[in-house]
Amino acid sequence: MAKQQSSTTPAAKNRTAPVTKSEKPKRTAKVVSAPAPEHAAKPAAGRSRVVVQRVTPQIDGGRFAVKRVAGDTLRVEADVFGDGHDLVRARLLYRRNDEQAWQAEEMVALGNDRWTASFLVEELGYYEYTVVGEVDHFGTWRSELKKRQDAGQDLDLPLKTGALLIEATAKRAGKQAAELRAFAEKVRGGSTDAAFDPVLLAAIEQYPETEFETRYEHVLSVWVDRERARFSTWYELFPRSWGKPGAHGTLRDVAGQLDYVAEMGFDVLYLPPIHPIGKSFRKGRNNTTEAAGGDVGSPWAIGAAEGGHLDIFKELGTFSDLDFLLTELQARRMELALDIAFQCAPDHPWVTEHPDWFKKRADGSIQYAENPPKKYQDIYPLDFESTDWRGLWDGLKEVFMFWAERGVRIFRVDNPHTKAFPFWEWVIDEVHAVYPDVIFLAEAFTRPRIMERLAKLGYTQSYTYFTWRNTAAELTQYLTELTKTEIAEYMRPNFWPNTPDILPFGLQSGGPNAFKSRLVLAATLSSNYGMYGPAFELGENAPFKEGSEEYRYSEKYEIKQWDRDAAHSLRPLITQLNQARRANRALQSNDGLFFHPVDNPQIMAYSKATADGADVVLTVVNLDPVNVQAGFLNLDLKALGVADGAGYEVFDLLSGRSFRWQGARNYVDLRPYEVPAHVFAVRR
């Protein structure tokens, strides 16, 4: 008799084992299955087999525009790939944002499913772009046809398949439909020459098969500025200090002395606020809280009984004088930059006309500006949480529009980081909609993310931390961040070695030689740079007190008399550097910046080159304001456009001396009491 085989599974044991009275049956959860839907949801584009991802450049998923200058070519890259072995096709679509129709550019494969194409941005304003991809049925067919032909296989059926693809394209074509049908007949008749005819391929590419294409999920944008957004040289002065001795200077006084600025090579004249200055709580010399008789106050305490942000301080002149200054600047190919400071003196007309635009304290009085323990009783900040915020926005927009209508196209904005981000995004777009050539410079010495956000919101240029970066390592790291990361797509640095608010410690202690090296660094590291003069060229370096970056007897609070013809002035060096900037295209952009190793950390070496390599400038700077420094440069010859083993000439644009160099390793010594730098034009 066969032996009965027992079950070894727990389920089988449970079925055969009896339940005794002492055991309670185990309770199991009742599982209820939801009924399956008759038709599961499917993607609308289920037959689109291509993926488009990692499109660059883009900022925050397309939330903000990248920036370019009119005449630039915007290079776009993307990952485009599909399933299986079919070939894919990728196209770059672009248009001005006020156009309906897209223009298309075929993208070229870079390898590893990465594709690229470019388009020219010719006009100011916004352009849009995106990427589409689809399976390239015609390209796949031609590729497989070639393989079959090389293998000696029968081509009759493959050629008929190709004819059908060509005829399908003819249905989408316009003027070339007849030409495509003629090609289809030739291919159907067995002509491989017709199948591989480049004329056929060009015609096919004109009429892509868009039914199953995949379009990138974002439409991206690029804002296009004029050239001065990328390359500018600023000079700041206080007009009230440019009059006759003992007199308050005027706008006409400045116009009469423009050659002093123009001959040094500056193309932007920047003036602090030119509006009426408040009298209530006016600051005295050295920022004292009590003004003495005759104290002129700070131009940033804007507004008095005679007017506010839409008026000119009567001591500076009239609107006719402003027009005259603008005309004189234009004759010298220069522009005027006005300071826009959105804050008010206690006697500004807005205080009584729009009290809701200001914060109130517990006792009902308006809150003056504070940065505890500092108090600024001469300034009332605006309240961007005001219940009348819409009216406030409109009032501030009017300020920009008013001065733009009078011919001002550059604005340096004071402390924009203390105003609401949404306001800046709105107002910059509003101004650009009417005046797309307006340039905005953000004076925001604050945390990096805030500075970056302001640039994303539309600021054309930005002040930076250059003022506080001193060592070669610090400068290299910071410039790499500014020029070689995503930041370069939207933030244009403007380097200032000094401002009326900032006298860096390095200039206080380093003397004239520190001014020279910082000047060279600012002028050659950044295509946009500026200085506060005549304080800079005359080496003004006395601080208000030890540990302070404020000037003693600051020009912000008094009229200064400057000896602009002093023998120690840096005017000659400034002029040489600005001439070099104008003569060498490599110094007019930050794109080609490259740092070269030096065996002495007190020496910094870097080059700039144009994209075509036609213009290359190599700068070597002694960072020590006291001692002679020497060392060997270890140059990257490829960055200089020099072939390995080739000799080349370096011509010093400052001294006029020429040197013949060979190879990567070359010796320099720099004396700070002469010119502590070489600015070499590299000649192959």
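The values are calculated or read from the model by the stated rules, or taken from the named source; none is laboratory data. Note that the structure is a prediction, hence the values are computed from the model and not measured. Cβ sites come from the backbone with ideal geometry, for glycine too, and all protein chains shown count toward neighbours. Areas reflect the complete protein model, heavy atoms only, side chains present, ligands, DNA and RNA absent. Shrake-Rupley method; radii C 1.70, N 1.55, O 1.52, S 1.80 Å.
Side notes on the structure shown:
- Inspection of the stretch 538-557 identifies at least one residue that is within 23 Å of T619 (Cβ to Cβ) and surrounded by 15 or more Cβ atoms within 10 Å (Cβ to Cβ).
- Inter-residue pairs, beta-carbon under 7 Å, first in contact (Cβ under 8 Å) with a residue 12 or more places away in the chain and of a type in the set (V, I, T) and in the stretch 192-218, second outside any strand (DSSP E or B) and buried (at least 18 other Cβ atoms within 10 Å of the Cβ), 6+ apart: I204/F138; I204/T169; T214/S48
- For the stretch 112-134, a residue qualifies if it is open to solvent by 10 Å² or more (accessible area, probe 1.4 Å), in a strand (DSSP E or B) and not aliphatic (A, V, I, L, M), and the qualifying residues are R114, W115, T116, S118, Y126, Y127, E128.
- Residue ID - surrounded by the most Cβ atoms within 10 Å (Cβ to Cβ), chosen from residues in the stretch 256-287 that are in a loop (DSSP other than H, G, I, E, B) and aromatic (F, W, Y): F266
- Single match in G592, G530 (criterion: open to solvent by less than 10 Å² (accessible area, probe 1.4 Å), in contact with a strand residue (DSSP E or B) (Cβ under 7 Å, 6 or more places away or on another chain) and either modelled with pLDDT of 95 or more or farther than 26 Å from R285 by Cβ (or both)): G530
- Filter result for D253 (among the acidic types (D, E), more than 20 Å from E105 (Cα to Cα), within 21 Å of the chain's Cα centre (by Cα) and buried (at least 17 other Cβ atoms within 10 Å of the Cβ)): no
- Of all the criteria given as (1) surrounded by fewer than 16 Cβ atoms within 10 Å (Cβ to Cβ); (2) in contact with a helix residue (DSSP H, G or I) (Cβ under 7 Å, 6 or more places away or on another chain); (3) among the β-branched types (V, I, T), the one not satisfied by I340 is (1).
- Among the residues listed as A182, A170, A163, A178, the single one being without any contact (Cβ under 8 Å) to a residue 24 or more places away in the chain, among the hydrophobic types (A, V, I, L, M, F, W, C), touching a helix residue (DSSP H, G or I) at 6+ places or on another chain (Cβ under 6 Å) and in a helix (DSSP H, G or I): A170
- Top-ranked residue in the stretch 390-402 [being touching a residue at least 24 places away in the same chain (Cβ under 8 Å) and farther than 26 Å from T464 by Cα; ranked as most open to solvent (accessible area, probe 1.4 Å)]: E398
This table checks each residue for (1) closer than 19 Å to F411 by Cα; (2) assigned to a loop (DSSP other than H, G, I, E, B); (3) touching a residue at least 12 places away in the same chain (Cβ under 8 Å).
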residue: T289; (1), (2), (3): no, yes, yes
residue: G293; (1), (2), (3): no, yes, no
residue: L325; (1), (2), (3): yes, no, yes
residue: L336; (1), (2), (3): yes, no, yes
residue: D339; (1), (2), (3): yes, no, yes
residue: V351; (1), (2), (3): no, no, yes
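- F632 vs. criteria in a strand (DSSP E or B), at pLDDT 95 or above and open to solvent by less than 60 Å² (accessible area, probe 1.4 Å): no
- When the stretch 408-430 is filtered for residues that are assigned to a loop (DSSP other than H, G, I, E, B), touching an Asp or Glu at 6+ places or on another chain (Cβ under 9 Å) and open to solvent by less than 40 Å² (accessible area, probe 1.4 Å), the ones remaining, listed by number, are V408, A420.
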